[in-house]
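Following: one structure in structure tokens, then a few remarks.
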Amino acid sequence: MARILVEPRSIVLPGDVLAEGSDVQPGSIYIERVGDKLVATITGLAVVEERDGKKIVSIIPLEGAYIPKPGDIVIGLVEDIGITHWEVDIASPYKGVLTVQEVLDRPFNPATDSLKRYLDVGDYIVAKVLAFDRARDPLLTIKGEGLGRITEGAIVEIKPSRVARVIGKKGSMINMLTRETGCHILVGQNGRILVKCPNKELEEVAVLSIKKIEEEAHTTGLTERVRAFIREERERRGV
């Protein structure tokens, strides 16, 4: 018989028993099975749901570094330039590597051309993680729709563990943020967020709202509180 031992969206700590019974399934890598018990391995927010008639227990991590996965969209900062590649800070223990082949659609001759013409140190980029296996640094690409050098907008940095909360279930939080602020918001899986708004006032409102989500990620009713906060700020600023 399955028994859930935690309240949905409650904070759990490493070692906490989340559920008992072989019928309950772990829904994230942050849970291990010990006998017939599911035990938390990190500090996080408990999520309990039912899929195909089965009880699933997951944890949304509240702390932890960003570990790249192939397919992730990240926002990176160019830190160094080699002969045929750029080194990119992706807010991770691992440095991103962006080769010239993943930037240009034509042959490149380092003897006659300079990578600085295309991307320079200090440039922010939207990139996709192509490959990563922990034996070598993650490979990036900026070939693809919506990828490339960032030329406008503000960059907000949050803890990578809060990314899921900013996006929300089925995109509920990010869709609300976009509607209420009128801003285009791109969330990188590495905890960097690009905010492009019609004016500076709305940009400030969007940034403050994202930071509020980060700070209150463990609480319930957050979407409605953030919506009210945005409307109050817009009315106060007259935007």
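Checking each residue in segment 65-111 for being of a type in the set (Lys, Arg) and not in a loop (DSSP other than H, G, I, E, B) picks out only LYS95. Inclusion of LEU38 among residues that are assigned to a strand (DSSP E or B), assigned by TED's automatic domain parsing to the domain that holds ALA131 and buried (at least 17 other Cβ atoms within 10 Å of the Cβ) is not warranted. Within segment 17-38, does at least one residue satisfy the condition of being within 27 Å of THR219 (Cα to Cα), aliphatic (A, V, I, L, M) and touching a Ser or Thr at 6+ places or on another chain (Cβ under 8 Å)? Looking through segment 17-38, at least one residue is within 27 Å of THR219 (Cα to Cα), aliphatic (A, V, I, L, M) and touching a Ser or Thr at 6+ places or on another chain (Cβ under 8 Å).
The residues in segment 142-165 that are more than 17 Å from the chain's Cα centre (by Cα) and within 14 Å of ILE75 (Cβ to Cβ) can be counted, and the count is 7. In segment 87-118, the qualifying residues are those that are small (Gly, Ala, Ser) and more than 25 Å from the chain's Cα centre (by Cα), and the one that is surrounded by the fewest Cβ atoms within 10 Å (Cβ to Cβ) is ALA111. Please work out if PRO70 is over 21 Å from LYS169 (Cβ atoms), without any contact (Cβ under 8 Å) to a residue 40 or more places away in the chain and either touching a His at 6+ places or on another chain (Cβ under 6 Å) or loosely packed, with under 13 Cβ neighbours inside 10 Å (or both). Answer is no for this residue. Looking across segment 201-237, the residues that are at pLDDT 95 or above and of a type in the set (Lys, Arg) come down to LYS211, LYS212, ARG225, ARG227, ARG231, ARG234. Among all residues of segment 75-86, there is none that is buried (at least 16 other Cβ atoms within 10 Å of the Cβ), touching a residue at least 40 places away in the same chain (Cβ under 8 Å), more than 30 Å from LEU147 (Cα to Cα) and out of contact with any Pro (no Cβ under 9 Å at 6 or more places or on another chain). Entry remark, segment 1-27: residues being of a type in the set (A, V, I, L, M), assigned to a loop (DSSP other than H, G, I, E, B) and without any contact (Cβ under 8 Å) to a residue 40 or more places away in the chain number 4 in total. Residues in segment 119-141 that are modelled with pLDDT under 95 and more than 18 Å from the chain's Cα centre (by Cα) were compared, and the one that is surrounded by the fewest Cβ atoms within 10 Å (Cβ to Cβ) is ALA135.
Listed here are the residues, each with its yes/no results for (1) surrounded by 17 or more Cβ atoms within 10 Å (Cβ to Cβ); (2) within 23 Å of ILE90 (Cβ to Cβ).
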| site | (1), (2) |
| --- | --- |
| LYS159 | yes, yes |
| VAL166 | yes, yes |
| THR181 | yes, no |
| VAL187 | yes, yes |
| ILE193 | yes, yes |
| LYS200 | no, no |
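When ILE29, ILE59 are checked against the criterion of being surrounded by fewer than 18 Cβ atoms within 10 Å (Cβ to Cβ) and at pLDDT below 90, a single residue qualifies: ILE29. Being among the acidic types (Asp, Glu) and more than 26 Å from the chain's Cα centre (by Cα) is a condition met by at least one residue of segment 7-22. Taking the numbered list (1) in contact with a His (Cβ under 9 Å, 6 or more places away or on another chain); (2) within 27 Å of GLY44 (Cα to Cα) in turn, ASP133 passes all entries but (1). Filtered by the rule that a residue be in contact with a strand residue (DSSP E or B) (Cβ under 9 Å, 6 or more places away or on another chain), farther than 21 Å from LEU45 by Cα and among the hydrophobic types (A, V, I, L, M, F, W, C), segment 166-201 gives LEU177, CYS183, ILE185, LEU186, ILE193, LEU194, VAL195, CYS197.
The values are calculated or read from the model by the stated rules, or taken from the named source; none is laboratory data. Please read all numbers here as calculations on a predicted model, not as lab measurements. Cβ atoms come from the backbone with ideal geometry, glycine included; neighbour counts cover every protein chain shown.
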